[in-house]
């Protein structure tokens, strides 16, 4: 590992995002998602399932207050009330009870994280006041020794930490830490951060390689990467150690989840029927992480784990761990990635399917999994600036991540298919997880707040830095401040991604500054031209490095030709043999019924009409359809005509076709014009 | 309706099957399946789940004996022990308990039915003795008032007839009747027939349109068609009435299954949470049968119902019922039928999927459903001799029905997919219902005995008769006796189907006989030539009718050219667009890994290589591979070469291919040479 190139994301306060494209998304999050989310947390969205989140914190807070003031207080003995506990009468939930999913606390943590990011770009005293009050409620629920998960505080602390596999305690810790760090970094206020540290301390006291400590690890990963953020913001070595312990311990024998399950059964006086040899591939816990070479199991869990592994590898200089990250990355990118940047081919376990199994209509491709893939990619970039990571991160961000949210910020996709026939989604039990239109909120509300937090912090994916280099991974327009050896340089990036490939970077500085500016050259523009006066770049791993003394007003001009690409999948992908998809820059396109009529599967592309560089395709800049600039593609095609016979099977005859146009829109814009068919991969000749 | 053309299947004692192809299958059933089945019924197949069937009859028989001799006897009060009740310790099942599925009695009924058919072709005193002893055991279990379902006799008669939807009582009645009629027709012994009549009487006393009688109907249809057989063999009008009642009542409001469910909940003091408006499409009970026009729900249930509807329509001259049958037939054949004659596109509910949804790899296509489709087809032929029914019946029989059984008669498929990649079946939860190799037996053993009964009675699908006509629907070789106005004519059919299209029919009679011989002309041989000396046929609905005075030695020569057909599906079938399949005669072909190597999806047919009449395809008569004559096809093809890049996605380039041959074998022979890939539909240019 070359520690010289290690980088960290820029502090969001170092950047002012002016990018037309992303600013619009960020404003949606600020104006629509964050307020809506707050209402949801407080169970006041009409027609939506209550979150119960703030209610649970208040309930736990009352119990803590009682405990502090009443020496006779007897905490409740644990009783399991289900993974998602709902009141018998939703109108009249019982006082003193925990409701919702076991991980419901994280609704708050994800919200406060997005709030933190948003405040860096758009100060909002009103919002900050609401957040501070919410933090008071949350902190009041913490136990005197630092534990903070209302599920066990309310249901009975005697069972805390006895079901790491299913009950998401360490997942709650992870999200709390992420939210606390973000809010602290945005506002400088540390109340929540201190609470998060105390919870992390509580766990660090009880988990670790030392004798007598618990050998468990999170059932749903995230604490691994969250603890690294806590370490990076506090400097406390024990958080790094705890994260590393979770990573190292995962998948070791005896398998912790099996042992834990056995212990619970024994405690309940039941015969254990589990399998001690099943470490659980669903949880990526079937073998030690350094021996893993195929991305398996629940896709979100997987990429969250890999993100934490990459962090630990970077901070501990662990080559074997980095090697595992690289193998898992390659496995995803070469065998398990949708052309939309989505991952997770199967609804069964919301999981990675087997290699090259990328079904289009029954895809799971969870929004959160694409977000997690961006987490993983950014962390690999921090270790090793190689454009292959940024290329995939960009693909995930501009396609599946954004597809997760409607263009008005008011409804969301959990699942992001690549082929939709609405009537089939309704009639076919195999497709019941696929929604043809976005929904307002989910009881298990992971995706909307996850979009909120990644969109609000997009700049930290675009720019990372180390002492002598500022890396531009994504061309997100804005002013970025960078300290080079005590001297400030401001880089003004004017970009119109993802529609235009011209980027102008202007350097602003009061005095000459020496340092390196590194720019990624995307795979989709092999003929990228970079100029910067007399400065000559050094090219390495898909990045152009300009090093030298910078003067105010110097400009770097980047031209990334935006060719339309007709893409084929590796023929090992059975679903996509004889098919093509269309991309331009990082954007994947799709056809919608709104533009093409129904029965999209009858449309076929004749590759001979297209030309080697997409000459046959008409590109149209469109400002009207979606309320912001987008690009449409009009592809020459053929439409299969109805057969002469209504018979199901006939002797083969050359198919009758008529000339047609395939009208394509960016994938992330789909399902914003009512319900209809959608298709990404097209039959071709 | 034209009652003049109504026909009934020939009695199996009127025919001696000599057909090479079917005789081999019948001998497998006689030598392998029937003995194996008997062992299975008696729980003595090592490694297979016990059937518990004969054990349950014995248990019930003991209870009946106790009841007869002991005035103090108190029958058990009903307690539900699960849809499939298994002992805690399989080695030591408790005495006096019912075990197995609620419909386990039918294992016996299906066996005795196959035994009956088999005895008509191959008298076997030993087998007949075993059967008689089994019948004694079964009849001993009947209650004094005629009820005969061991599930309730053992578990508590107080709950009998309170869960028609789930607990299969009337299904048990139906199979018992079918078995009893077959055994009576074969042997003339009526002990079981009388028991079946008594059970039918018991039901007829309690169900019907009359006030005070139960308005229910079978949760799993079969009684409808079985009662018709009972009516036809006994002449008892009440069985026809009961069948008609079941057909008429189905799907009427208030929905019986919902009301029954509600009554059970109320009796148990529970709040009913069901939906009174849900008649259950799964059970074809969501609307009155005469209003049904789409085949929906559990596929076996559906075609069993339609068979009963056709029977009732014929015997009552009910045009509206016949119209419903015709609509449902058309719906299946035009929108829901696999090229293998299979039906039921989805594992969810083992059901028909929506129109044109015919997935190949996740197909359900249950063996029993194809058998049920043959039942339905034969009944439609009985009403209206139209070759369109026989064409589909033949397709089901020569493909999916036979695919259900291994060529050695020792293992079976429940599910008959059209595309198999064994590793995918193991790894992909969406394909877990698909087995790449046949299994010895099933706990829910419907398919193996269903194959046994249809194969043993194949002649009754091939030949039907009325007073003045003998219909040949399938060219199954043998001697068929027909009485024409008191004079006997024997028709000797020499055929070598499905491999050769020459059929020679020789008439044998001691004195001249006047009558009509009708021969089906299959859709797959439009250029069929029929000659019969000076006699000129009349053609109608795909049948050639020869009428006149027949003399000993007269011959009818039939030549059905066996062209190889390259078949395309209606483009509404998304799965099969741009694909072709191959058929010859009624046989559908497939490619197996054993002949073609793996990755069958990389093989592609160029339609230009084939010619309009399949000239490019080499046909080979093969006597070695499968131990009996079959045909192989060798189709010119191209194999996609591995791409130059290991990348998942690349800019489209003309694919690199090499010339290849696609080696095809009959679909019914697949999976007899170890585990491997299989494919029916091929990519084409």
Checklist entry - Can you pull the Rg over Rh of the stretch A:174-309, Cα-only, Kirkwood? => result 1.02
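What is the Å³ per residue value for the convex hull set by the Cα atoms of the stretch B:298-355?
Details: hull volume 4.3 nm³, N = 58.
About 73 Å³ per residue, rounded to a whole number.
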Checklist entry - Most exposed first by the Cβ proxy, i.e. fewest other Cβ within 10 Å, how do A:309, B:26 rank? => result B:26, A:309
Checklist entry - Sorting B:222, B:610, A:154 on the 10 Å Cβ count, fewest up front, what's the list? => result B:610, A:154, B:222
Checklist outcome for this item: Here P(r) for chain B, Cα-Cα distances in 10 Å bins, as whole percents, is 3, 15, 25, 26, 18, 9, 3, 1, 0
Checklist entry - Extent of the stretch B:1-137 along each principal axis, from alpha carbon coordinates, in Å, largest to smallest? => result 56, 42, 31
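What do you get when you divide the Cα radius of gyration of the stretch A:553-669 by 2.2 N^0.38 Å, with N the number of residues?
Values: Rg = 17.5 Å, N = 117, 2.2 N^0.38 = 13.4 Å.
This ratio for the stretch A:553-669 stands at 1.30.
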Checklist entry - To one decimal in nm, how far is residue A:84 from the same spot in the other copies, if labels go 7 Å from Cα toward Cβ? Please give the shortest first. => result 2.8
Checklist entry - If we count other beta carbons within 10 Å of each Cβ, what is the order of B:242, A:193, fewest first? => result A:193, B:242
Checklist outcome for this item: Inter-part gap, Cα centre of the stretch A:2-50 to Cα centre of the stretch B:320-399, in whole angstrom, is 54
Checklist entry - So what's Rg/Rh here for the stretch B:553-592, counting alpha carbon atoms and using the Kirkwood radius for Rh? => result 1.24
Checklist entry - For the stretch A:106-223, treating each Cα as an identical point scatterer without solvent, what Debye log10 I(q)/I(0) comes out at q = 0.19 1/Å? => result -0.97
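Mind jotting down a quarter of the surface of the convex hull over the alpha carbons of the stretch B:388-485, in square nanometres, one decimal?
On the way: hull surface 34.0 nm².
Taking the Cα atoms of the stretch B:388-485, their convex hull projects to 8.5 nm² on average.
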Item to check | Acute angle (nearest 10 degrees) that the helix A:53-69 long axis makes with the longest principal axis of chain A, alpha-carbon atoms | outcome: 20
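What shape does the stretch B:163-207 have by the C-alpha gyration tensor, where a ≥ b ≥ c are the square roots of the eigenvalues, rounded means a/c under 1.5, and otherwise prolate means a/b greater than b/c and oblate the rest?
Details: a/c = 4.01, a/b = 1.86, b/c = 2.16.
The shape class here is oblate.
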Checklist entry - What angle, in degrees between 0 and 90 and rounded to the nearest 10, separates the Cα long axis of helix B:367-383 from the longest principal axis of the Cα atoms of chain B? => result 90
Checklist entry - Gap in Å between the Cα centre of the stretch A:474-525 and the Cα centre of the stretch B:589-627? => result 60
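Determine one quarter of the surface area of the Cα convex hull of the stretch B:321-381, which equals its mean projected area, and express it in nm² to one decimal.
Working: hull surface 16.6 nm².
Spelled out: convex hull of the Cα atoms, projected over all directions, averaged, 4.2 nm².
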Checklist outcome for this item: Inter-copy distances for residue B:125, label 7 Å out on the Cα-Cβ vector, sorted ascending, nm, one decimal, are 11.0
Checklist entry - By the gyration tensor of its Cα atoms, with a ≥ b ≥ c the square roots of the eigenvalues, what is the shape of the stretch B:260-383: rounded for a/c under 1.5, prolate for a/b over b/c, or oblate? => result oblate
Checklist entry - By how many degrees, between 0 and 90 and to the nearest 10, does the Cα long axis of helix B:191-206 differ from the longest principal axis of chain B? => result 70
Checklist entry - Roughly speaking, what is the centre-to-centre gap between the stretch B:222-244 and the stretch A:527-569 when only Cα atoms are used, to the nearest Å? => result 85
Checklist entry - Over the Cα atoms of the stretch B:505-544, Rg to Rh with Kirkwood Rh, two decimal places? => result 1.01
Checklist entry - For residue B:288, which inter-copy label distances result when the label point lies 7 Å beyond Cα on the Cα-to-Cβ vector, reported in nm to one decimal and in ascending order? => result 7.3
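Can you tell me the alpha carbon radius of gyration of the stretch B:630-678 divided by the globular rule-of-thumb value 2.2 N^0.38 Å? Present the calculation step by step, with values, prior to reporting the outcome.
Numbers: Rg = 15.5 Å, N = 49, 2.2 N^0.38 = 9.7 Å.
This ratio for the stretch B:630-678 stands at 1.61.
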Checklist outcome for this item: Here the stretch A:498-628 gives, from Cα atoms, an Rg and Dmax in Å of 20.1, 63
Checklist entry - Please report, for the Cα atoms of the protein assembly as shown, the Rg to one decimal and the Dmax as a whole number; what are they, in angstrom? => result 36.0, 123
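Quick note: the coordinates plus some simple rules give every number you see, no bench work behind them. What you are looking at is a predicted structure, and each value in this text was computed from that prediction instead of being measured. Cβ: placed from backbone, ideal geometry, glycine included. Neighbour counts: every protein chain shown.
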